[in-house]
1. Over all alpha-carbon pairs of region 22-163, lay out the pair-distance distribution in 10 Å bins, whole %, shortest bin first.
2. What does the charge dipole of region 309-354 about its Cα centre add up to, to the nearest 20 debye, if the Cβ of each Lys and Arg holds +1 and the Cβ of each Asp and Glu holds -1?
3. Tell me, in nm to one decimal, what length is gained between Asp231 and Ser189 on full extension, where the rule is 0.36 nm per residue of separation less the Cα-Cα distance?
4. Kindly list the residues of region 191-232 that lie in the label zone of Ala303, defined by a backbone N under 11 Å from the point 7 Å along the Cα-to-C-beta vector.
5. Compare the Cα positions of Ala214, Ala142, Ala326 along the charge dipole of the chain (+1 at Cβ of Lys, Arg; -1 at Cβ of Asp, Glu; about the Cα centre) and return the one farthest towards the positive end.
6. Mind running the shape call on region 306-379? Use the C-alpha gyration tensor, a ≥ b ≥ c as the square roots of the eigenvalues: rounded below 1.5 for a/c, prolate if a/b tops b/c, oblate otherwise.
7. Taking the Cα centre of each part, how many Å lie between region 247-290 and region 91-136?
8. What's the long-distance tail for region 187-304, i.e. % of Cα pairs beyond 24 Å?
Amino acid sequence: MNVTDPKANLAALIKCPSVTPAEGGALGALTEMLSPLGFKVERSTETDENTPDIENLYARLGGEGPHLMFAGHTDVVPVGDEAAWTHPPFAAEIADGQMYGRGAVDMKGGIACFVAAAARYIEKHGKLPGSLSFLITGDEEADAVNGTIKLLERMAKAGETWDACLVGEPTNPDKLGEMIKIGRRGSISGWITVFGTQGHAAYPHLADNPLRGAVQLANALMEVPFDQGTDEFPPTNLEVTSIDTGNAATNVIPAAAKVVFNIRFNDLWTADSVKQEIITRLDKAARTGNLRGERPPVRYEIAWSIRPSHVFLTRDDKLISSLAGAVESVVGERPKLSTTGGTSDARFIKDYCPVVEFGLVGQTMHMVDERVALADLETLTQIYETFIERWFADART
């Protein structure tokens, strides 16, 4: 197999049905790509209570000098209605200059390109002026419990340290080369239960409809902006994603209502401070402005996501300039440095070394007919190879 060809690499990975939590053969395919290049490949299975076991891979080439890590995931989201695909989701078929398949851009394409870039660098230069590693996991698209966070812990305990990391997530909105992610907002989800009194809809004076209180609390969370954003981050944003009672009857006032929300917060907040702000808003709304009139305070309780994502911003000039310079040298334009979007496994890697994200155009990720332009695969490989050259040169200065 010619691993310098990103198209061949991606086809091999797409053909592995690695829908979370299944490994699907993807890590085996990656092992076959990396081992001939001289990488020492280790595979491990991580476990935790009430979660599926996850297979992960760590591969390293070189034993000294500056250490650059490439991180990513081979797991993919389900295909949905397979009949709606114009090309089978695990066939890697090519049509009109594009390769179709689940994971083409999120993010088997990025992995395929970095393997090709590493192979081209080694073919051209021989020995690395340092160390290069791949940290590839299998549950990024799910709960991220037994993937990156545990593999990082495992390798750190084994003595591994890293100087910088590139995550190959699809960061570009419209065209390749326009955006590098240098940080991410924090994220917390919450589940509010509002308590009422069940009763007949025709006799509301004998009941207490919890939906009235649920609406009050939801409005209190969304009405007033949390902030106006900062120089590096957009404004904090909270969205109520569900209000539900589980009540199938039309003439029964329910006993309780549940409100679900998610907040993405910038660097004006910590996980603890944004939680406190939310509780302050809820307590105030519970005591005042009841939609029903004179009623006791709204009775509620709140539960939080077990592992919130913390806001972070990478300030490593050599890492950022090496990547931005590589992008500009290949596509002719300087990329924007951004902190927009959701979370990624970079939120775990930031605790071990500076991390940035750059990959393919993400317009079709998670969609029916996910696909990538073949030209973009070649361009991204060239960017990655140039980045490897620049980073090792900069890391030695």
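1. It works out to 11, 38, 33, 15, 3, 0, in whole percents.
2. Working: 6 positive and 6 negative charges, 20 e Å.
Around 100 debye, computed over region 309-354.
3. Values: separation 42, 0.36 × 42 = 15.12 nm, distance 2.49 nm.
Between Asp231 and Ser189, full extension yields 12.6 nm more.
4. Label zone hits: 191-193.
5. The Cα lying farthest towards the positive end belongs to Ala214.
6. On the way: a/c = 2.55, a/b = 1.16, b/c = 2.20.
Oblate, because a/c is 1.5 or more while a/b does not exceed b/c.
7. 44 Å
8. On the way: 2109 of 6903 pairs.
Roughly 31 percent, rounded to a whole number.
A short reminder: the numbers here are calculations on the coordinates, not readings from a lab. Fair warning: this is a prediction, and the values are worked out from it, not measured in the lab. No Cβ is skipped: glycine too gets one built from the backbone with ideal geometry, and neighbour counts run over all protein chains shown.
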